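J.: I'd like to ask you about the structure that follows.
None of the figures in this text is laboratory data; all of them are computed from the coordinates on show. Small disclaimer: the values here were computed from a predicted structure and weren't measured. For neighbour counting, all protein chains shown are included, and Cβ atoms are generated from backbone atoms with ideal geometry for every residue, glycine included.
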Ligand SMILES: [Zn+2]
C-alpha cells in the first residue's frame, strides 16, 4: 500500500497530466484537515452516524482518501495491476462496489472500472455508489461515493470503453478486494 498520498483539493491528475500540474503534499494533522461533511444540503444515506471514529477505524491513508477526499499517488495503488476474479468492497463499510469483471487498464495510474456492481444497463439504483457533482477538479466533474457510508471513492469520466463509455477512476486505498469463493 502506498505510504505517500497526494492531497489535491483543486486539481485532479488525469490522463495526459504533465509535470506542470501542481500538487500539495500534506501530513496528517496539518492545518489542511477539513471537516468530513463539506457538502451542504445533501442528506447522508450512511448507516454510520457522525460519531463514527473513522480515524480509529481506518489507516491514515484510508482516512485521508475516503473521509477527506484525498487522491492516492498515480501508479501507486495495490489494485492498479490486480486482475484476480472477485469483488472490490468499500474499505469503510464493506459494501460491494465494483466487480473484477468491469475492471480494465485505462493507463491513467488508478484502478479503472466500466461500471459499478449492481448496475443494470444505466440504472444504478441497486449499485452501492452514488454520484455527486464536483467542481473541485477545475471543471465540472462527478465524484463517486459509497452509497452506504459516504466514503469518497474517486471520480467518473466520460472517456471509458464500450459499452458504457464511462471510466470509474477509483483509489485503491478506498477498496478492499475479496476473491471469489471457489
Ligand atoms: Zn462504504
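J.: Distance in nm between label sites at residue 125 and residue 84, each 7 Å beyond Cα in the beta-carbon direction?
T.: 3.5 nm
J.: Rounded, prolate or oblate: which one fits the stretch 54-179, using the alpha carbon gyration tensor with axes a ≥ b ≥ c (rounded when a/c is under 1.5, else prolate when a/b beats b/c, else oblate)?
T.: Values: a/c = 1.26, a/b = 1.16, b/c = 1.09.
Here the stretch 54-179 falls in the rounded category.
J.: Still on this structure, please answer the following. Taking neighbour Cβ counts within 10 Å as the exposure measure, how do 82, 152 sort from fewest upward? Numbers along the way, then the final one.
T.: On the way: 82 15, 152 23.
Placing the least packed residue first, the sequence is 82, 152.
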